[in-house]
Amino acid sequence: MKYSPKDPIDSFYLFHDNMLIQFYKYQGAGNDFIILDDRENTLHPRLSPNPEIISLLCNRRFGIGADGLMLLRKDNKLDFQMVYFNSDGYEGSMCGNGGRCMVAFAKELGIIRTQTLFQAVDGPHNASIIQSSDNEMIVSLQMGNVRQITETNNRLFMDTGSPHLVQFIHDIKNIDVNDEGKKLRYSREFGEGGTNVNFAQLTHQQILVRTYERGVEQETLACGTGVTAVAIAAHYKGFLATKTSSEIKAQGGVLRVSFSNPAPQVYEDVFLEGPAVKVFKGEIQLPA
């Protein structure tokens, strides 16, 4: 039975034939995710056609609560496949922090040790676990290459696995990210799909960033592809001089981005590094 409730709580009573599933909750610099083990291919056929179920699970009042939901699936050639859904319930583009958390999850399941090559929506990704403790791992994830950067009205646009707009400002603390981000997210120049929006501020020690994420449709505590875009944008503008790595402070924590710059507007060997933390695991009734 498929139903799109006006009030999320309605779905607990109007769905039937519920299925009890085990879920895991992970976060990377405050960017949090529900992760499900779907190696038996029982969940994707239920969830993919039903965005309202995913949206309910991600709801912070009526569900588990998360910025997104991910499935770990089998892959014929690589270690595993990552399928990512935004909290609005629809499959999204690449998620950097999600990818790092997925690597930590694959380690917990015993699928990998410290190195992996897995499949995501934008292609294969290398990753390594640099440090590991009981609930937290430091994961380095190779991101896609950047081949083009567009600059308009002091804003830079690029695709780091997901489309990102970067604007450097002087007072990041007081900007209304949700209001200003929403205006830019739906700008006509970015077409029907829109873009993610990042506001960044340079300091003596770090780059500060706040991100409005499409698909979540509000500010999140961190965004991996957004942090990557900010680091590249800062280098492109000459703010980093000759540095090929940056420490970026998001609202939820610190991430590091490194890269090479073999030609103008070309960034390769791009790596996103930071914590991937297991928060808890549990069980929930999955509406059918």
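Placing unit charges on C-beta atoms (Lys and Arg positive, Asp and Glu negative, everything else neutral), compute the dipole magnitude of segment 96-242 about its Cα centre in debye, rounded to 20. Walk me through the intermediate numbers first.
Numbers: 13 positive and 15 negative charges, 57 e Å.
The calculation lands at about 280 debye.
Let me check against my output: what whole-number percent is the relative contact order of the chain, with C-alpha pairs under 8 Å and at least 6 apart?
On the way: 677 pairs, mean separation 64.1, N = 288.
The normalised contact order for the chain reaches 22 percent.
Find out how many positive minus negative residues lie around ASP38, taking Lys and Arg as positive, Asp and Glu as negative, among other residues whose Cβ is under 10 Å from that of ASP38. Kindly include the intermediate steps, with their values, before the conclusion.
Numbers: positive: ARG39, ARG46, ARG73, LYS74; negative: ASP37, GLU40.
Net charge in that neighbourhood comes out at +2.
So, with +1 on the Cβ of K and R and -1 on the Cβ of D and E, and no other charges, what is the size of the charge dipole of the chain about its Cα centre, to the nearest 20 debye? Display every interim value, and only then the final one.
Numbers: 28 positive and 33 negative charges, 65 e Å.
For the chain, the charge dipole is close to 320 debye.
If you work out percent of Cα pairs over 36 Å apart from the coordinates, which of (1) 38; (2) 31; (3) 14 do you get?
Correct label, based on the coordinates given: (3).
Would you mind ranking ILE130, ILE53, ILE149 by Cβ crowding within 10 Å, fewest neighbours first?
Least crowded to most crowded, the residues run ILE130, ILE149, ILE53.
Extension gain THR114-ASN18, at 0.36 nm per residue separation less the Cα-Cα distance, in nm? Don't skip to the end; give the middle numbers.
Values: separation 96, 0.36 × 96 = 34.56 nm, distance 3.65 nm.
Working it through step by step, the gained length comes to 30.9 nm.
For segment 101-106, take each phi angle, set θ = phi - 60°, evaluate the Karplus expression 6.51 cos²θ - 1.76 cosθ + 1.60, and give the result in whole Hz per residue in order, putting x for glycine and proline.
5, 5, 4, 4, 5, 4
Collect residues whose amide H, placed 1.01 Å from N in the peptide plane, falls under 5 Å from the amide H of GLY68; neighbours closer than 5 in sequence don't count.
Amide H neighbours of GLY68, under 5 Å, 5+ apart: ILE34.
Given a Förster distance of 35 Å, report the FRET efficiency between GLN285 and ASP75 from their Cβ-Cβ distance, rounded to the nearest 0.05.
Details: r = 29 Å, r/R0 = 0.82.
Efficiency for this residue pair is about 0.75.
In square nanometres, what is one fourth of the surface area of the convex hull spanned by the alpha carbons of segment 150-271? Mind showing how you got there, number by number?
On the way: hull surface 28.2 nm².
The Cα convex hull of segment 150-271, projected and averaged over all directions, gives 7.0 nm².
Testing the spin-label approximation: label points 7 Å from Cα along Cα→Cβ at ILE169 and ARG188. State their distance in nm.
Rounded to a tenth, the inter-label distance reads 2.4 nm.
For the chain, what is the mean residue ellipticity at 222 nm derived from helices alone (per DSSP H run of n ≥ 4: -39500 (n - 2.57); sum divided by total residues; nearest 500 deg cm²/dmol)? Mind showing how you got there, number by number?
On the way: 6 runs with 52 residues, N = 288.
Per the formula, -5000 deg cm²/dmol.
Restrict the search to segment 37-119; then list the chymotrypsin sites (Phe, Trp or Tyr not before Pro) that DSSP places in a loop and that have at most 16 other Cβ atoms within 10 Å of their Cβ.
Working: sites: PHE62, PHE80, TYR84, PHE85, TYR90, PHE105, PHE118; in loops: PHE62, PHE80, TYR90.
When the chymotrypsin sites (Phe, Trp or Tyr not before Pro) of segment 37-119 are filtered for loop state and at most 16 Cβ neighbours within 10 Å, TYR90 remain.
Under the Karplus relation 6.51 cos²θ - 1.76 cosθ + 1.60, θ = phi - 60°, what is the ordered set of whole-Hz ³J(HN,Hα) values for segment 228-234, x standing for Gly and Pro?
Listing the rounded values in order: 4, 5, 5, 4, 5, 4, 5 Hz.
Roughly speaking, what is the stretch gain from THR152 to ASN178, that is 0.36 nm per residue apart minus the C-alpha to C-alpha distance, in nm to one decimal?
Working: separation 26, 0.36 × 26 = 9.36 nm, distance 2.12 nm.
My answer for the length gained is 7.2 nm.
Putting +1 on Lys and Arg Cβ atoms and -1 on Asp and Glu Cβ atoms, find which of VAL257, VAL277, TYR267 reaches farthest to the positive end of the dipole of segment 249-288.
Result: VAL277.
Pick out, in residue order, every one of the trypsin sites (Lys or Arg not before Pro) in segment 98-151 that is DSSP loop and has at most 12 other C-beta atoms within 10 Å; say none if there are none. The partial results should precede the final answer.
Values: sites: ARG100, LYS107, ARG113, ARG147; in loops: ARG113, ARG147.
The qualifying sites are ARG113, ARG147.
In a shell of Cβ-Cβ distance under 14 Å around TYR267, excluding TYR267 itself, what net charge do Lys and Arg (+1) and Asp and Glu (-1) give?
Values: positive: ARG147, LYS237, LYS243; negative: ASP159, GLU268, ASP269.
Overall, the nearby charge balance is 0.
Among ASP88, ASP67, ASP134, which one shows the biggest mean-square fluctuation in a GNM of the chain, springs joining Cα atoms closer than 10 Å?
ASP134
Hey, can you grab everything whose amide H is under 5 Å from the amide H of VAL279? Only 5+ residues off in sequence or another chain; H modelled, so Pro and N-termini drop out.
The list, which skips near neighbours in sequence, is LYS25, TYR26, GLN27.
All of the numbers you see were taken from the coordinates with simple rules; none came from a lab. Source: prediction; values computed, not measured. Neighbour counts run over all protein chains shown; Cβ positions are idealised from the backbone, glycine included.
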